[in-house]
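What follows is one structure encoded as structure tokens, with my remarks underneath.
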Amino acid sequence: MSSRNKVGDEVNARIMAGSRCFYSLSKLFRSKYLRAKSKLSIYKTIIRPVTIYGCEAWSLTALETQKLAVFERKVLRKVFGPVKDADGDYRKRMNHELEALMNREKIVQIIKSQRLRWAGHVERMGKNRAPKIMTDWKPQQRRPRGRPRKR
């Protein structure tokens with residue numbers, strides 16, 4: 001996180017870590033002997049946790065949300081493979097087809113639920129814990145001029 005509360009660099013680093021993890025397991029994802037369900041399980045248990053590590057502290061912008069969604073769709077296209085059309089030609093799966101196969105379990109929704117879970121932990125913390133102190137802190141000086149930064 002930067003001094004101005006921007007997490008873009010952190011999100012990019014986590015996407016790169018997830019991508020490295022994915023490509024290190026690419027032999028498994030190319031295998032014709034593994035079912036799509038097994039590949040999806042590998043994604044959910046290995047790649048996704050690497051990608052969203054530390055997401056409780058992220059305040060995502062629309063651009064970062066889009067980057068995470070693009071990364072997830074890239075992995076899911078490899079997991080589920082192409083679709084054979086009525087003509088006999090193969091094509092990539094469309095976004096709505098991937099969403100239907102994932103049962104609405106998007107990476108951005110998981111990040112939001114993790115953040116909400118962390119907020120519950122912070123709320124129940126003792127008054128002398130650092131996260132609780134930072135959450136309850138009220139600044140004494142005035143706010144700077146201009147509108148707040150967009151998310």
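Distance between the pseudo-spin-label points of Met125 and Asp85 (7 Å out from Cα toward the beta carbon): 5.4 nm. When both region 112-151 and region 1-68 are represented by their alpha-carbon centers, they are found 26 Å apart. Note the full-extension length gain between Leu34 and Lys92 as 0.36 nm times their separation in residues minus their Cα-Cα distance, in nm to one decimal. Answer, rounded to one decimal: 18.9 nm. Dividing the summed helix terms, -39500 (n - 2.57) for each DSSP H run of n ≥ 4, by the number of residues in the chain produces a 222 nm estimate of -17000 deg cm²/dmol to the nearest 500. Extension gain, Glu99 to Val50, is 15.5 nm, computed as 0.36 nm per intervening residue step minus the present C-alpha separation. Rounded to the nearest whole Hz, the Karplus-based 3J(HN,Hα) values (6.51 cos²θ - 1.76 cosθ + 1.60, θ = phi - 60°) of region 75-90 follow the sequence 5, 5, 5, 6, 5, 8, x, x, 10, 8, 6, 5, 6, x, 8, 8, with x at glycine and proline. Where [x] 35, 21, 13; [y] 38, 17, 13; [z] 28, 23, 12 are the candidate values, the label of the one calculated here for semi-axes √(5λ) of the Cα gyration tensor in Å is [y].
What are the trypsin sites (Lys or Arg not before Pro) within region 29-137 that DSSP puts in a loop, where the Cβ has at most 14 other Cβ atoms within 10 Å? Spell out each step's value before the answer.
Values: sites: Arg30, Lys32, Arg35, Lys37, Lys39, Lys44, Lys67, Arg73, Lys74, Arg77, Lys78, Lys84, Arg91, Lys92, Arg93, Arg104, Lys106, Lys112, Arg115, Arg117, Arg124, Lys127, Arg129, Lys132; in loops: Lys32, Arg35, Lys92, Arg93, Arg104, Lys106, Lys127, Arg129.
Within region 29-137, the qualifying trypsin sites (Lys or Arg not before Pro) (loop, at most 14 other Cβ atoms within 10 Å) are Lys32, Arg35, Lys92, Arg104, Lys127, Arg129.
For region 58-73, backbone phi angles converted through the Karplus equation (6.51, -1.76, 1.60; θ = phi - 60°) give residue-by-residue couplings of 7, 10, 7, 8, 5, 5, 5, 4, 5, 4, 5, 5, 5, 4, 5, 5 Hz, Gly and Pro being listed as x.
Projecting label points 7 angstrom from Cα along Cα→Cβ for Val108 and Gln141 puts them 3.5 nm apart.
No value in this document is a laboratory result; all are computed from the given coordinates. As the structure is a prediction and not an experimental result, all values here were calculated from the model. Here the Cβ is made from the backbone with ideal geometry for all residues, glycine too, and neighbour counts use every protein chain on show.
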